[in-house]
């Protein structure tokens, strides 16, 4: 009787395991309302899978005019500004950037823009009220006896 029960248990176990091992594909219905059509992406998903163009692609004509005026002022260009990011403007900007030891790619470097005097204007910022954006004075306004006191306290001898 024990052999019979063991044989039956083995036979039932084999019957339960066999269908899953012979199945080639288990079809499940979608759970989130997705289409069951394989290999088709919606238009939005197809667009998102493409490589996106990043970064600035063009410079506005007004900004180009400002850059050209600054390059003319710094003697890197001649003539009148025309608002076009043409070969002459690109060459002048590359030369300006190279002379300052910066990269020379076609788009202007932010350091070059700032040095040309075209950087951001923070004079209307919330915390800029009553601030001075003037360059610091070329000579010190600290009284001489205070400077001597600082030097003495720090151990520096003048």
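In this structure, residue 151 does satisfy being out of contact with any strand residue (DSSP E or B) (no Cβ under 9 Å at 6 or more places or on another chain), surrounded by 11 or more Cβ atoms within 10 Å (Cβ to Cβ) and at pLDDT 75 or above.
Count of the range 36-67 residues, restricted to those that are surrounded by 10 or more Cβ atoms within 10 Å (Cβ to Cβ), at pLDDT below 70 and either under 19 Å from the mean Cα position of the chain (by Cα) or in a helix (DSSP H, G or I) (or both), is 3. Across the range 69-116, which residue is surrounded by the fewest Cβ atoms within 10 Å (Cβ to Cβ) among those that are closer than 14 Å to residue 59 by Cβ and under 21 Å from the mean Cα position of the chain (by Cα)? Once the filter is applied, the top-ranked residue is 106. Among the residues of the range 123-139, not one is surrounded by 10 or more Cβ atoms within 10 Å (Cβ to Cβ) and either closer than 27 Å to residue 99 by Cβ or modelled with pLDDT of 75 or more (or both).
The values are calculated or read from the model by the stated rules, or taken from the named source; none is laboratory data. Note that the structure is a prediction, hence the values are computed from the model and not measured. Cβ sites come from the backbone with ideal geometry, for glycine too, and all protein chains shown count toward neighbours.
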